[in-house]
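Everything on this sheet refers to the single structure shown next.
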Amino acid sequence: MKTIPSLLSKTKLMRGYRCQKCMYLTIHHPELEAPITPETQALFDQGNLVGAKAREYFPGGILIDNRPWDFTGALAATQEKIAAGANIIYEAAFAYQGCYARADIIRYSATSKRWCIYEVKSTTKVKPEHLDDVGLQAWIMAKSGLPIEKIYIVHLNSACRFPDLSNLFTEQDVTDQIRARYLSVQPKIQEIYSILRRPQVPDIDIGPYCLAPTECGFVSHCWKEKNIPEISVFDLPHIRERKWELYYAGIISLDDTRLTELNELQQRMVDVYKSGQRFVDRQAIQAALNTWTFPLVFLDFETINPAIPRYAGCGPFQHVPFQFSVHVMADPQAKCMHHAFLHDSASDPRPTLIPALLAACGEHGSIVAYYGKFEAERIQALADYSPEHTDALTALINRIVDPLPEIRSHVYDPAFAGSFSLKRVAPALLGEAGRYEGMTIANGGDAQRAFEELIAPATSAAKKEMIKQAMLDYCEKDTFVMVELIRWLQGL
Ligand code: SF4
């Protein structure tokens, strides 16, 4: 058992809101927590960018720039600035009875002689979990002696369109909702501290709170403790919240004879799991493939969706393609032709990407896109952006065919483990040719981060060349895998 710190940050305390065991393990067994993934780090970085951007809408403030772990320094600096008459403070720090929080922005009203709190969230709406988070923060601030007038959650405005970022943020007054929660905070904090002082890890069962709103970092530890097998009812496709009903009824293994009332797909997964035999409906696959017309044009986009829009007409989190790969198969026996496009500067990728896309896709044949809805939506957005290409781009959408629903309906391999993503399906059916292991860039998130590095001014020319090659390799692999997948289906 470790010593409990004299101050616990709001971020850590919020883990106690999620689950007492999570809070306990965070303090006493941090070594059991999974390391932060690059995806999670990218989300943190994005949150920091949005937070910094929001300060521009509250100009003239003073930043408490003590490092996140310097609680004492940040608390002292905050009190100093308030005493000196600061009207707007960014990252002000407050503490009360072992609880510590930093507020994104606080603004003083000389009229009411009280402060307004503005908590910035990098989402396009207020979410239920924000209210607990801001509620705890406002409680700490109020109890520490800060007179509070109003509490706002500031979030991104989905109606904002670049380049006009004057309305990038919108704010929601949550004062009444937050104050209504004050009474519940003190008992919650007392409960958290009393659990932390116990010598034993609290006996908490796994539950929906393990997975939402984000996956808990102790999932692999706790689920192993509960002997959840690698493939279980939790992996059944479209099982949603029923998985918890099954779990609480003790039905965990796909072997369990009490596992009934499954839909066709779920039952197929169970049957394949028990038999170990791949399911393939050859006739149905052939019938679907026969409706596709040659040349087959295999298409895959890589996109970015920045929280703060950066291209004309785009809103927060709007996906913009910066790269595509196209393989063209003239006939079933022909060798494929490959076309690649990669935008490599900070400028808008669309003006150069659109003509290259139209040239690569040509005017004939089915366009094969795995989860083609995503590609169709991106092309529709390109058509809306560029009126001179609207007709040609709309014609591409009308040619899209999607292997995903065909595979979902007519093929199931034990190695799918309930997932029909290309990254799961391809290795299961194609073996080595379908694997991404060992690639410098191995998924869409990697590609997004690589693109940001590619267009960053600080990246050296040599590094840019390495990144470009890795990005080209990855995107080409995605369409190559689709080609191999369709050849596999054709060969059935
Ligand atoms: S995985 Fe679940 S049970 Fe374990 S600490 Fe996290 S939320 Fe609690």
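The values are calculated or read from the model by the stated rules, or taken from the named source; none is laboratory data. As the structure is a prediction and not an experimental result, all values here were calculated from the model. Ideal geometry is used to build each Cβ from the backbone, glycine not excepted, and the neighbour counts take in all protein chains shown. Accessible surface areas use protein heavy atoms only, side chains included; no ligands, DNA or RNA. Shrake-Rupley method; radii C 1.70, N 1.55, O 1.52, S 1.80 Å.
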>> Among the numbered criteria (1) within 20 Å of the chain's Cα centre (by Cα); (2) of a type outside the set (Lys, Arg); (3) within 16 Å of the ligand (Cβ to nearest atom), which one does residue 44 miss?
In response: (3)
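Table: residues versus (1) open to solvent by 40 Å² or more (accessible area, probe 1.4 Å); (2) in contact with a Ser or Thr (Cβ under 9 Å, 6 or more places away or on another chain).
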site	(1), (2)
398	yes, no
401	no, yes
405	yes, no
408	yes, no
413	no, no
416	no, no
423	yes, no
432	yes, no
443	yes, no
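Tell me, which residue of region 47-57 that is open to solvent by 70 Å² or more (accessible area, probe 1.4 Å) and touching a residue at least 60 places away in the same chain (Cβ under 8 Å) is farthest from the ligand (Cβ to nearest atom)?
To start, the set of residues in region 47-57 that are open to solvent by 70 Å² or more (accessible area, probe 1.4 Å) comprises 48-49, 56-57.
So of that shortlist, the ones also touching a residue at least 60 places away in the same chain (Cβ under 8 Å) come out as 49, 57.
Values: 49: 28, 57: 35 Å.
The qualifying residue farthest from the ligand (Cβ to nearest atom) is 57.
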> Of these, 297, 326, which one is over 29 Å from residue 51 (Cβ atoms), among the aliphatic types (A, V, I, L, M) and in contact with a Cys (Cβ under 6 Å, 6 or more places away or on another chain)?
Replying inline: 297
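Go through region 418-442 and give me each residue that's within 17 Å of residue 469 (Cα to Cα) and in contact with a Lys or Arg (Cβ under 7 Å, 6 or more places away or on another chain). Write out each step before concluding.
Taking region 418-442 first, the residues within 17 Å of residue 469 (Cα to Cα) are 436-442.
Selection gives 436, 439.
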>> Restricting to region 157-197, and then to whatever is part of a helix (DSSP H, G or I) and of a type in the set (S, T, N, Q), can you tell me which residue is most open to solvent (accessible area, probe 1.4 Å)?
In response: 190
> What is the residue count in region 179-209 for residues that are within 14 Å of the ligand (Cβ to nearest atom) and closer than 28 Å to residue 150 by Cα?
Replying inline: 1
> Could you say which residue among 364, 389 is of a type outside the set (Lys, Arg) and exposed (fewer than 14 other Cβ atoms within 10 Å of the Cβ)?
Replying inline: 364
> Name the pairs whose Cβ atoms lie under 8 Å apart, with the first residue in region 188-213 and over 20 Å from residue 1 (Cα atoms) and in contact (Cβ under 8 Å) with a residue 40 or more places away in the chain, the second open to solvent by 50 Å² or more (accessible area, probe 1.4 Å) and more than 9 Å from the ligand (Cβ to nearest atom), and 6 or more positions between them or separate chains?
Replying inline: 188/17; 213/127; 213/129
> What about residue 403, is it out of contact with any helix residue (DSSP H, G or I) (no Cβ under 6 Å at 6 or more places or on another chain), in contact (Cβ under 8 Å) with a residue 12 or more places away in the chain and more than 23 Å from residue 254 (Cβ to Cβ)?
Replying inline: yes
> Restricting attention to region 210-254, which residues are open to solvent by 60 Å² or more (accessible area, probe 1.4 Å), of a type in the set (D, E, K, R) and more than 16 Å from the ligand (Cβ to nearest atom)?
Replying inline: 230, 240, 242, 245
> With (1) free of Cβ contacts under 8 Å to residues at least 40 places away in the same chain; (2) open to solvent by 30 Å² or more (accessible area, probe 1.4 Å); (3) among the aromatic types (Phe, Trp, Tyr) as the list, and residue 279 as the residue in question, which single condition is left unmet?
Replying inline: (1)
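For residue 60, state whether it is more than 16 Å from the ligand (Cβ to nearest atom) and surrounded by 14 or more Cβ atoms within 10 Å (Cβ to Cβ). If you could, list the steps in order and put the result at the bottom.
On the way: more than 16 Å from the ligand (Cβ to nearest atom): yes; surrounded by 14 or more Cβ atoms within 10 Å (Cβ to Cβ): no.
Against the criterion (more than 16 Å from the ligand (Cβ to nearest atom) and surrounded by 14 or more Cβ atoms within 10 Å (Cβ to Cβ)), residue 60 does not qualify.
If you check residue 273 against the conditions, is it hydroxyl-bearing (Ser, Thr, Tyr) and either within 16 Å of the ligand (Cβ to nearest atom) or in contact with a strand residue (DSSP E or B) (Cβ under 8 Å, 6 or more places away or on another chain) (or both)?
Values: hydroxyl-bearing (Ser, Thr, Tyr): yes; either within 16 Å of the ligand (Cβ to nearest atom) or in contact with a strand residue (DSSP E or B) (Cβ under 8 Å, 6 or more places away or on another chain) (or both): no.
When the stated conditions are applied, residue 273 does not pass them.
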> Does residue 75 fit the bill of being open to solvent by 60 Å² or more (accessible area, probe 1.4 Å), part of a helix (DSSP H, G or I) and not assigned by TED's automatic domain parsing to the domain that holds residue 216?
Replying inline: no
> Of all residues in region 445-488, which are surrounded by 17 or more Cβ atoms within 10 Å (Cβ to Cβ) and either among the β-branched types (Val, Ile, Thr) or modelled with pLDDT under 95 (or both)?
Replying inline: 455, 467, 479, 481, 483, 486
> Which ones in region 135-147 are under 23 Å from residue 61 (Cβ atoms), surrounded by fewer than 18 Cβ atoms within 10 Å (Cβ to Cβ) and in contact (Cβ under 8 Å) with a residue 12 or more places away in the chain?
Replying inline: 147
> Across region 16-38, what is the total count of residues that are part of a helix (DSSP H, G or I), open to solvent by 40 Å² or more (accessible area, probe 1.4 Å) and either more than 12 Å from the ligand (Cβ to nearest atom) or over 11 Å from residue 196 (Cβ atoms) (or both)?
Replying inline: 6
>> Can you find, within region 6-15, the residue that is farthest from the ligand (Cβ to nearest atom) among those that are surrounded by 13 or more Cβ atoms within 10 Å (Cβ to Cβ) and of a type outside the set (Lys, Arg)?
In response: 7
